[in-house]
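Peer 1: Mind looking over this structure? Questions follow.
The values are calculated or read from the model by the stated rules, or taken from the named source; none is laboratory data. Remember, it's a predicted structure, so these values are computed and weren't measured experimentally. Positions of Cβ are backbone-derived with ideal geometry, glycine not excepted, and every protein chain shown enters the neighbour counts. Ligands, DNA and RNA are excluded from the accessible area calculation, which covers all protein heavy atoms including side chains. Shrake-Rupley method; radii C 1.70, N 1.55, O 1.52, S 1.80 Å.
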Amino acid sequence: QVQLVESGGGLVQPGGSLRLSCAASGIIFAINTMNWYRQAPGKQRELVASATSGHSPNYADSVKGRFTISRANAKNTVYLQMNSLKPEDTAVYYCNTQSPLSGEDYWGQGTQVTVSS
């Protein structure tokens, strides 16, 4: 059974930083692409960052230069370091992966990030 468990969200002031973590189980973590999505109220879910072992990470234009995705394969964990946070970064952040065999999508429960003074 695949499980993705996010942590690290919270309330932060504009310009601040947060680090999100996603612990995965039930998958061969090293071969899976790991993604971070976010969904703000009234908006569609959007891809924020992706990390595949052996490849350069990909970022949404809106977070380039501010967010960094990294993975610790030995810990089956993916991180999202978020710096210089803006109010428009406020959203529920979700960890995601797809089975490389079946294409099935797996999602975490989400963690709320609120950027406000």
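Peer 1: Give the residue from Q3, S116, C22 lying farthest towards the positive end of the charge dipole for the chain; charges sit on Cβ (+1 for Lys and Arg, -1 for Asp and Glu) and the dipole is referred to the Cα centre.
Peer 2: S116
Peer 1: Same structure again: For region 8-117, which GluC sites (Glu not before Pro) pass both filters: DSSP loop (anything but H, G, I, E, B) and at most 11 other C-beta atoms within 10 Å?
Peer 2: E104
Peer 1: If you roll a 1.4 Å probe over the chain with all protein chains in place, what percent of the accessible area is carbon or sulfur?
Peer 2: In the chain, the share of accessible area belonging to carbon and sulfur is 48 percent.
Peer 1: Let's see if you can work this out: charge +1 on each Lys and Arg Cβ, -1 on each Asp and Glu Cβ, no other charges. What is the dipole magnitude of region 1-116 about its Cα centre, in debye to the nearest 20?
Peer 2: Using Cβ point charges on Lys, Arg, Asp and Glu, region 1-116 gives about 240 debye.
Peer 1: Where only protein heavy atoms count, and the probe is 1.4 Å, what is the accessible area per residue for the chain in Å²?
Peer 2: Counting only protein heavy atoms, the per-residue value for the chain is 54 Å².
Peer 1: Moving to a separate point now. Once the Cα atoms of the chain are picked out, what are the Rg and Dmax in Å?
Peer 2: 13.6, 45
Peer 1: Tell me which of A74, Q39, C95 sits at the most positive position along the dipole axis of region 6-117, charges placed on C-beta atoms (Lys, Arg +1; Asp, Glu -1).
Peer 2: Final value for the positive-end residue is A74.
Peer 1: Continuing with the same structure: For K75, give me every one of the aspartates and glutamates with a C-alpha distance below 19 angstrom, ignoring sequence neighbours fewer than eight places off in its own chain.
Peer 2: E6
Peer 1: I28 to R66: extension gain in nm, 0.36 nm per residue of separation minus the Cα-Cα distance?
Peer 2: Using 0.36 nm per residue and subtracting the Cα-Cα distance, I get 10.8 nm.
Peer 1: Restricting everything to alpha-carbon atoms, can you work out Rg to Rh for region 1-54 with a Kirkwood hydrodynamic radius?
Peer 2: 1.01
Peer 1: Same structure, new question: Evaluate E = 1/(1 + (r/R0)^6) for T52 and Q3, where r is the Cβ-Cβ distance and R0 equals 22 Å; express this FRET efficiency to the nearest 0.05.
Peer 2: Details: r = 20 Å, r/R0 = 0.92.
That pair, T52 with Q3, gives E of 0.60.
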